[in-house]
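Here's the structure, in structure tokens; my notes come after.
The values are calculated or read from the model by the stated rules, or taken from the named source; none is laboratory data. All of these numbers come straight from a predicted model, not from anything done at the bench. FYI the Cβ positions are ideal-geometry reconstructions off the backbone, even for glycines, and counts take in every protein chain you see. These accessible areas exclude ligands, DNA and RNA; they are computed on the full protein's heavy atoms, side chains included. Shrake-Rupley method; radii C 1.70, N 1.55, O 1.52, S 1.80 Å.
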Amino acid sequence: MRELSRDHVKAMEERKVLQSFLAESQKGLPPRRMRDSHIEVLLPLGSQPELREKYLTVQNTIRFGRILEDLDSLGVLICYMHTRIHEAKMSPLSIVTALVDKIDMQKMSLSPEQDIKFSGHVSWVGKTSMEVKMQMFQLHGNEFCPVLDATFVMVARDSENKGPAFVNPLIPESPEEEELFRQGELNKGRRVAFSAKSLLKMAPSAEERSTIHEMFLHTLDPKTVSFQSRVLPPNAVWMEDSKLKSLEVCHPQERNIFNRIFGGFLMRKAYELGWATACNFGGSRPFVVAVDDIMFQKPVDVGSLLFLSSQVCFTQDNYIQVRVHSEVASLESKEHMTTNVFHFTFMSEKEVPLVFPRTYGESMLYLDGKRHFSSMSVPVNLRKD
Ligand SMILES: CCCCCCCCCCCCCCCCCC(=O)SCCNC(=O)CCNC(=O)[C@H](O)C(C)(C)COP(=O)(O)OP(=O)(O)OC[C@H]1O[C@@H](n2cnc3c(N)ncnc32)[C@H](O)[C@@H]1OP(=O)(O)O
């Protein structure tokens, strides 16, 4: 049993009492409107320069990893607004991040010298899950211009984070809100379909198989009649040579109330390793253009060792698709368990080499990377100003 601090044990004891506020069915909860959970938060980077240090990169842009952390906290806060019980001092729900469905950037880099505004609301609900849509704007002259769109899925759990808990129904009030709600329903269906076709469950399509075979033929040594001697084509890199790894010790500073590590912290660490991988591969400064399908499969306990491994799995023109795999091991047991898989799409300043898989497993990573790349909203239309 992992040791908990005294404060933590007390907080958990207090939460047990909240169990009585949990609803026995969704029908027992009052419906909410989208505007009930709508929040706007200002990050005054321009007007409060002392805040900047935390967000600053060495290129005088904003650390995207920090934005991921803020989006994660904001998403949770929005869900607490949706499920608020006015009589209760504290929410009986434990809301956890289940999925970062999509983050699309509309601008290449963000200035650390202008104020940022976040806004968002719940856009769809299931029984225990909520889809949250968030937007980020940056001050440009006198106007806040959109710079990022994000869709997260959060899941409500009981007071002790031991089992699922119902959330309030959502009632759309206008045709626009009905469309958002319908989109949320479609997103759920799309996720199920994407996962059913996963290469971990099904063989690649005929077109994908032929892509892989073409690539294989491209790497055969024309001087030998052998399937084994492989040579890299010009301007290409073997996938295994694109790997970078890191290790994090998960200290209590990064924990939430349930002694679990914040999803935002995990995303920041994975993003920074992914960025370094893209930088190392492309040889110039990469900009993140999209993040998708980050699934939080298992919570990470405080005290765990977090192993991150990152590799380029697909490239096209200036784009680099990076996959970061994270797994944890406790200090006592050496057994590793996957907690997340992160997918980041970067754009480099110049054209990047092709990446070639050498093994069957790597070929599946290539196809999975290609599928994620193709699912990015096109055309990616990034403003440079
Ligand atoms: C400057 C601006 C900043 C502003 C900030 C303001 C700050 C204010 C402060 C606010 C508070 C901040 C707190 C931050 C807290 C962060 C939270 C975390 O980090 S948490 C730490 C990180 N996160 C974690 O550690 C979570 C780790 N993962 C888990 O614990 C579990 O996998 C699970 C609970 C997520 C699902 O468990 P599982 O056994 O599968 O559960 P079930 O089968 O029972 O299904 C339940 C429901 O879930 C659904 N669903 C499931 N999966 C997915 C999916 N992939 N995709 C979509 N949906 C999914 C499923 O369909 C069902 O829905 P429904 O039909 O009922 O509607």
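Here are the numbers:
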| read-out | value |
| --- | --- |
| Rg(Cα) / (2.2 N^0.38 Å) computed for the range 26-75, rounded to two decimals | 1.69 |
| D_trans [Stokes-Einstein, Kirkwood Rh over alpha-carbon pairs] for the range 285-385, 4 °C, 1.567 mPa s, µm² s⁻¹ | 86 µm²/s |
| The chain: relative contact order as a whole-number percent, Cα under 8 Å and 6+ apart | 17 percent |
| Gap separating the Cα centres of the range 71-111 and the range 183-214, nearest whole Å | 28 Å |
| Carbon and sulfur %, accessible surface of the chain computed with the full protein complex present, 1.4 Å | 55 percent |
| Packing-based order for 280-288, 332-340, 305-313, using average beta carbon neighbours within 10 Å, highest first | 305-313, 280-288, 332-340 |
| When each of LYS245/LYS370; LYS188/LYS269; LYS10/LYS162 is checked by Cα-Cα distance, pairs over 19 Å | LYS245/LYS370; LYS188/LYS269 |
| Whichever lysines have a C-alpha closer than 22 Å to that of LYS117, once near sequence neighbours (fewer than 8 apart) are set aside | LYS54, LYS102, LYS107, LYS133, LYS384 |
| Antiparallel %, DSSP beta bridges [both residues in the range 206-375], to 5 | 90 percent |
| Per residue Cα convex hull volume in Å³ - calculated over the chain | 167 Å³ |
| Top positive-direction residue, dipole computed over the chain with Cβ charges, set HIS82, MET267, PHE194 | PHE194 |
| For VAL312, net neighbour charge (Lys/Arg +1, Asp/Glu -1) across residues whose Cβ lies under 13 Å away | -1 |
| For the range 6-171: relative contact order, % (alpha-carbon pairs under 8 angstrom, 6 or more apart) | 32 percent |
| Principal axis dimensions, the range 6-171 - Cα atoms, whole angstrom, descending | 50, 42, 26 |
| Dipole in debye (nearest 20) - the chain, about Cα centre, beta carbon charges: Lys, Arg +1; Asp, Glu -1 | 580 debye |
| Pairwise centroid distance, computed over Cα atoms, of the range 253-276 with the range 1-65, Å | 14 Å |
| Assigned charges on the beta-carbon of Lys, Arg, Asp, Glu; the range 227-271 dipole about Cα centre (debye) | 120 debye |
| Segment GLN59-GLN297, length gained on full extension (0.36 nm per residue, minus Cα span) | 82.3 nm |
| Surrounding net charge for HIS325, when Lys and Arg each add one and Asp and Glu each subtract one, Cβ distance under 12 Å | +1 |
